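Taking it in order: structure first as structure tokens, then the write-up.
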Amino acid sequence: MLPHLWRRLLSTVRVLLALSCLITSLIASSGTVTESVALFAVYAAYACVVLFWRSLEQSGFPLMALGADFLFFFLYASGSTGYSYWISSVFYAYILVVAVMLHSWSRVVIVTGASVTLLYVASPLHASVLLPVFLCGGIVATVLAVQKAWYDDRLATAARQSVLYRYDAEKAREGERQRIAADFHDGPLQSFISFQMRLEIIRKLLMRDQRAAVDELIQLQDLCKTQVTDLRTFVRSMRPVDVDGSLSSTIGRIVEQFQKDSGISASFVSTEFLEPADPEVSLELLQIVREALYNIQKHAGATRVTVSARKKDSGLEITVEDNGNGFPFSGVFSLDELDMLRLGPISIKRRVRTLGGELKLDSRPGQGAGLHIRLAMERPAA
């Protein structure tokens, strides 16, 4: 889509060219109103109307407008006035510019071919001088038109990709909002509800048994400390992952921080593996590890956690294992099986599927659980 300012500029140039053709035709006819002068007067009037009535040409017939410009250009170029060489050259350049900006490259070729053909047929006074101008200008305009078409295709492709990216980003934001809402409902919100209920119990006990109320208050104080720790962990899990260095070193820092916050013994084991080429993939993997650790702290009742990252075949495998309560179900399940049975952590499953990876969940009720994520890695081009 050509900017309005450029269209306005082209319309202004058309007016100037039409007036130049009219004036030089009047000079050539010694002020007599000939048929040629009348035609260029009509063309000048048309150019002025289009200049001030912008929607006429935009909503009308651009190809017909190009044809009208070319017709009057040819009428003027075939004349024999002394000024025709310069004005004809400028007029021809204007038509090529219009064809390049508003039309396809094939029409630029048609305009160039028609100009050269009519130049041979009409044989105006300056034909020998105009011919190389027409040929060179047409070649340059055709190259520019082809390049413009290529850029238009790339812009159209980029626009389509932008729409898809915005859609994916909106889906990711919506999924993240749902995950946060679910985590908040299961975590801090339930804690606040429990806290409120315990306060109500203490209020009633104060009227009957103050000693029992004090004991209950002490228990509530301990619960409050636990909930503050859980709330801090929840808030930390909402923060974006800070990737500083390699994927392996960042996972190590996450595991170390998890051990400090939860008091659960945690270790990280890593062997040499191929780093993801896309930083977004690393961010997703780190978020998966952090969510898995958060779920262990929140639900598993584990005393020991092991996180490992290693090369497997040509891909990367990340494992998170604990010795806690495990899931309510027993066995080893793939991502598709978990989706079909509606089992397993929803957010982690979604992230793994987005990455195109594989997931295996090994649940041993009462003995712990293991989460295995495998991602195929592409080697960087040599």
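Every number in this text was worked out from the coordinates using simple rules, so none of it is lab data. Note that this is a predicted model, so its numbers are computed, not measured. Glycine gets a Cβ as well: all are built from the backbone with ideal geometry, and neighbour counts include every protein chain shown.
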Rounded to 10°, Cα long-axis angle of helix 190-206 versus longest principal axis of the chain: 40 degrees
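Order by neighbour count: VAL90, VAL289, VAL15, fewest other Cβ atoms within 10 Å first, most last.
Values: VAL90 15, VAL289 26, VAL15 18.
Fewest-to-most ranking of VAL90, VAL289, VAL15: VAL90, VAL15, VAL289.
Could you give the dipole magnitude of region 4-164 about its Cα centre, charging the beta-carbon of Lys and Arg +1 and that of Asp and Glu -1, in debye to the nearest 20?
Working: 8 positive and 5 negative charges, 84 e Å.
The calculated dipole for region 4-164 is roughly 400 debye.
Report the longest stretch of the chain that contains none of the GluC sites (Glu not before Pro) sitting in a DSSP loop with at most 16 other Cβ atoms within 10 Å. Don't jump to the answer; show the numbers that get you there.
Working: sites that count: GLU272, GLU378.
Longest gap between qualifying sites, sites excluded: 1-271.
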Projected label distance in nm at ARG253 and LEU274, using a 7 Å step from Cα toward the beta-carbon: 2.6 nm
Selection of trypsin sites (Lys or Arg not before Pro), region 315-374, meeting DSSP coil and at most 11 other Cβ within 10 Å: ARG342
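For CYS136, CYS21, CYS224, what ranking results if the residue with the fewest other Cβ atoms within 10 Å of its Cβ goes first?
Fewest-to-most Cβ neighbours within 10 Å comes out as CYS136, CYS224, CYS21.
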DSSP loop chymotrypsin sites (Phe, Trp or Tyr not before Pro) with at most 14 other Cβ within 10 Å excluded, longest remaining stretch of the chain: 54-328
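Pairs of alpha-carbon atoms within less than 8 angstrom and 6+ residues apart define the contacts here; what relative contact order does the chain have, in percent?
Working: 396 pairs, mean separation 34.6, N = 382.
Worked out over the chain, it gives 9 percent.
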Estimated FRET transfer efficiency (LEU131, ASP152; beta-carbon r; R0 35 Å; 0.05): 0.65
Degrees separating the helix 105-122 axis from the principal Cα axis of the chain, which is the longest one: 10 degrees
Cα gyration tensor shape of region 241-382, rounded if a/c is under 1.5, else prolate or oblate by comparing a/b with b/c: oblate
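Run the numbers on region 4-164 and let me know its relative contact order in percent, using alpha-carbon pairs under 8 Å that are six or more apart. Could you put the intermediate results ahead of the total?
On the way: 121 pairs, mean separation 33.5, N = 161.
After rounding, I find 21 percent.
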Folded to 0 to 90 degrees: helix 127-184 orientation relative to the chain principal axis, Cα: 20 degrees
